[in-house]
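Comments concern the structure below.
The values are calculated or read from the model by the stated rules, or taken from the named source; none is laboratory data. This one's a predicted model, so the numbers in the text were calculated from it and none came from an experiment. Cβ coordinates were reconstructed from backbone atoms using ideal geometry, including for glycine residues, and neighbour counts include every protein chain displayed. We work out accessible area using only protein heavy atoms, side chains counted, and drop any ligands, DNA or RNA first. Shrake-Rupley method; radii C 1.70, N 1.55, O 1.52, S 1.80 Å.
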Amino acid sequence: MQNQTINANDVNTWHDTADVIILGYGIAGACAALEAKRAGADVLVVERASGGGGTSATSSGYFYLGGGTAVQKATGDEDDADNMFRFLATSTAAPDSDIVKRYCDGSVEHFDWLEAQGVPFERTAYREKTLSTLTTECLTSTGNEKVWPYRDIARPCPRGHRVAMAGDAAGGKAMEALLGQCASENIRTSCDSQAIALIVDAGRVVGVRVRQYDSIKDLKADKAVIIATGAFGNNPAMVAKYAPQMQGNTYPIGIPYNDGAGIELGISVGAATQAMQNVMPTASFYPPGQLLKGIVVNNRGKRFVAEDSYHGRTASFVMEQPEGKAWLILDAEIFAYPELEMFGHSLVDGWETVEQMEAGLKLPPGALQKTLTEYNRDAAAGEDRRFFKYKDWLKPLDKAPYAAFDISFQKSTYFFFTLGGLKVSARAEVLDANGTAIPGLLAAGACACTIPQDGKGYASGLSLGPASFFGRIAGQQAAQAARRD
Ligand SMILES: Cc1cc2nc3c(=O)[nH]c(=O)nc-3n(C[C@H](O)[C@H](O)[C@H](O)COP(=O)(O)OP(=O)(O)OC[C@H]3O[C@@H](n4cnc5c(N)ncnc54)[C@H](O)[C@@H]3O)c2cc1C
């Protein structure tokens, strides 16, 4: 149904009317609702579940923010908007510089805004390399800032701001605060309501048709509809169509309602999409951080990535290797088991010599020995001349016995969420194939493609950060439309 539109002339009864109708009550929808309401618009949020939260409420609670936030200042991590821009403009696959610039320029203000809504952040830093801290410490390096070539382009700086909540799913604390604000400002909601089609009038989006239990209702949006329905990883048909590489032993993470409905709604009125093939994959072999001192090789016995990369970047490269095969190679000095058992990296074996290891892994004769000879020579000199791994993670792998963990794509368990979505402007307008804004339609969050665009450039926090930031912009933009008329 989402790929058909309804003509406004065919609507018999408008069951409700608002200036701005927001589809989805995750972080993008909640931030849009707050800004639109505060700017004077009458707002109605349509949510398929029985309450707000979405995947945002189940997330780890990292926001990628910088440019000199209050936390960065308190922890002595010097940053500025230009530095942040240089990093994101380089690490984003196909950056729209207006989008990236707006995000970097507005990042400090956005941090202050989140705090003012009651989202708590400590003035502390966590300096270890990890997937997700389970403590309340805030500022963490969550991306590839120190990885070559990025560290030569922008001064490395931690920008992952974690919500102050111990344990996993700190995103729930952020959503508790934001949804609490929405409730206290009497933002109207229609829960258990699934958006199933957009209603159009002479090329303008003027409403939405929803299914509520066993009835169908038509809702009129006098000024704008904002789509904020999240990603599409839980729609197997869409994943097979757009990201067919994510089959077999791969699992989407996120709530079941992240089924791409909003993307299909946008497409139904002529929206263009972007980066639909790209995902953020992970099967992190760290923590513990010492494993980053190992090397990762493919079935040719060759390295293919700087091993100190963010786990999503490493996973993206693993997926591209011949037959998706890869091993983490360790020596006795740094040996440890990967802590996160859910990824299922299995220990292949231990060997007394590199030659035996090479034979045990069925690698071409001499290949791994050559790779390790070169790597060990460079590591001893404190410089990785092939992949420029950061010096902190360099050490010769020369203490027998040696060990290998199988981290192959399809053998280990890779989890993912999708990054592609509706093409949007820096004002959150949904664009058609010519780059023209579709009248009456805005989008934000994981259903829209802004800064996080592929796993190689992803950093933790690049979903909640832009989703909340551009959610706010969508709300402001929609309210402006309401004021203009
Ligand atoms: C385990 C996990 C940890 C994560 N940790 C982080 C992190 O620390 N930092 C980070 O930046 N990102 C993280 N992410 C990614 C991030 O959580 C999401 O990208 C982000 O929350 C998306 O926000 P959203 O508002 O776009 O979508 P959502 O929060 O998913 O909200 C979308 C809402 O739309 C509703 N909806 C869907 N279809 C319809 C429909 N047809 N009609 C009406 N309503 C509909 C849904 O029910 C949902 O409530 C994590 C993801 C997972 C799964």
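Note on Thr353 and Ser97: the model spin-label points, each 7 Å out from Cα along the C-beta direction, lie 5.7 nm apart. How much FRET efficiency would the formula 1/(1 + (r/R0)^6) give for Asn434 and Thr17, where r is the Cβ-Cβ distance and R0 is 30 Å, rounded to 0.05? The calculated FRET efficiency here is 0.45. Carbon and sulfur together cover what percent of the accessible area of region 1-114 at a 1.4 Å probe radius? Within region 1-114, the accessible surface is 42 percent carbon and sulfur. Thr130 sits with roughly 30 Å² accessible to a 1.4 Å probe, with DNA, RNA and ligands left out of the calculation.
Expressed as a whole percent, the accessible area of region 284-412 that falls on carbon and sulfur atoms is 51 (1.4 Å probe). With r defined as the distance between the Cβ atoms of Glu320 and Thr124 and R0 fixed at 45 Å, what FRET efficiency is calculated, to the nearest 0.05? After rounding, the FRET efficiency stands at 0.75. Working value for region 1-129: equivalent-ellipsoid semi-axes of 36, 18, 15 Å, each the square root of 5 times a Cα gyration tensor eigenvalue, largest first. Taking every Cα-Cα distance in the chain and sorting them into 10 Å bins starting at zero, the pair-distance distribution P(r) comes out as 4, 20, 29, 23, 14, 7, 3, 0 percent. Taking a ≥ b ≥ c as the square roots of the eigenvalues of the alpha-carbon gyration tensor, region 284-412 is classed rounded because a/c is under 1.5. Hey, what number do you get for the chain at 222 nm if only DSSP H runs of n ≥ 4 count, each worth -39500 (n - 2.57), divided across all residues, to the nearest 500? The helix contribution divided over the chain gives -8000 deg cm²/dmol.
Our coupling estimate for region 332-346, obtained by passing each phi through the Karplus curve with A = 6.51, B = -1.76, C = 1.60 and θ = phi - 60°, is 5, 5, 10, 4, 6, 7, x, 5, 8, 5, 4, 7, x, 6, 9 Hz, Gly and Pro reported as x.
In this simple spin-label approximation, Arg386 and Arg188 carry label points 7 Å from Cα along the Cα→Cβ vector, and these lie 6.3 nm apart. Against the main long axis of the alpha-carbon atoms of the chain, helix 81-91 sits at an angle near 70°. Extending 7 Å from Cα along the Cβ direction at Ser346 and again at Gln212 yields two label points whose distance is 5.3 nm. On a per residue basis, the chain carries 38 Å² of accessible surface, using protein heavy atoms and a 1.4 Å probe. At full extension, Thr5 and Ala400 could sit 135.6 nm farther apart than now, given 0.36 nm per residue minus the alpha carbon distance. In straight-distance terms, cross-link reach from Lys223 covers every one of the lysines whose alpha-carbon lies under 25 Å from its own, apart from those fewer than eight places away in the same chain; here that gives Lys37, Lys423.
The protection proxy used here, the mean number of other Cβ atoms lying within 10 Å of each residue, ranks peptides 328-334, 295-301 as follows, highest first: 295-301, 328-334. Compared with the dominant Cα axis of the chain, that is its longest principal axis, helix 27-38 is turned about 40°.
Principal-axis analysis of the Cα atoms of the chain puts helix 367-380 at an angle of about 90° to the longest axis.
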